[in-house]
Amino acid sequence: MININLIAERRALKLRQASTLRWSGFGLMVLLVLMVVLNGFALQDWHTNRRDLANITTEQQRKLQERAALTADEREIAHKWPIVYLLDQVHLSVGAWMTIMADVSRMEPGSIYLVSLNSTSAKEGITLRFSGLGPDPQTVGKFMYAINNQAEWAATSKLNTISSERIPNSEGTQVRFDFTTQVKGMLGGDLQ
């Protein structure tokens, strides 16, 4: 068939092409708007992630500093623990020292003069050193015997020295003595 009205057909073709072009432009415009909106959301999400990452990094650094401070505190506590233990032992032994002093003053004969009472501490415990003057060796021996047998805290006494000499401004001869006694089951510092 021969189409005689070519103008109408060309017009219809142009209208179809214009309609296709219009719909393509509209689709492109919608696609462009959709891309801009999606990029906006992605940019906002990127900023949010960056802010969260910065917050997490700051929090992590703060926790690392807290952990370092805690570790330093733990080292300091571990370093001071022996001192605390010793102070605790000394605190517990205060009553024992009071008992020792009361027993020594109770057992000391009136004729004996204690010049010094010192303590030394070692791994095996505390040793008391008694030094003084007495009228004779028998009185000194009775004092040592009383400490050995009547004091619950004393182990066997050991006589270090005993000497007889004339002391100026005294009546007769005095005996200078020095003996040590191990203290049973007590820890603590030295008594001077």
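Observations
- Test for Asp88: is it over 30 Å from Thr127 (Cβ atoms), under 60 Å from the mean Cα position of the chain (by Cα), of a type in the set (D, E, K, R) and surrounded by 10 or more Cβ atoms within 10 Å (Cβ to Cβ): no
- The set of residues in the stretch 106-127 that are assigned to a strand (DSSP E or B) and either more than 18 Å from Lys142 (Cβ to Cβ) or without any contact (Cβ under 8 Å) to a residue 60 or more places away in the chain (or both) comprises Tyr113, Leu114, Val115, Ser116, Asn118, Ser119, Thr120, Ser121, Ala122, Gly125, Ile126, Thr127.
- Qualifying residue in the stretch 152-167 (condition: in contact with a Phe, Trp or Tyr (Cβ under 9 Å, 6 or more places away or on another chain), at pLDDT 85 or above and in a strand (DSSP E or B)): no
- The residues in the stretch 113-136 that are surrounded by fewer than 17 Cβ atoms within 10 Å (Cβ to Cβ), among the aromatic types (Phe, Trp, Tyr) and under 18 Å from Ala151 (Cβ atoms) can be counted, and the count is 0.
- When the stretch 44-85 is limited to residues that are closer than 28 Å to Ala122 by Cα and either of a type outside the set (D, E, K, R) or not in a helix (DSSP H, G or I) (or both), the one that is nearest to the chain's Cα centre (by Cα) turns out to be Ile77.
- Residues (more than 38 Å from the chain's Cα centre (by Cα) and surrounded by 11 or more Cβ atoms within 10 Å (Cβ to Cβ)) located in the stretch 98-112: Asp103, Val104, Met107, Glu108, Pro109, Ser111, Ile112
- Applying the criterion of being touching a residue at least 24 places away in the same chain (Cβ under 8 Å) and of a type in the set (Gly, Ala, Ser) to the residues of the stretch 128-148, the residue that is nearest to Phe179 (Cα to Cα) is Ser131.
The values are calculated or read from the model by the stated rules, or taken from the named source; none is laboratory data. Because the structure is a prediction, the values reported are computed rather than measured. Virtual Cβ from ideal backbone geometry, glycine too; neighbours counted across all protein chains shown.
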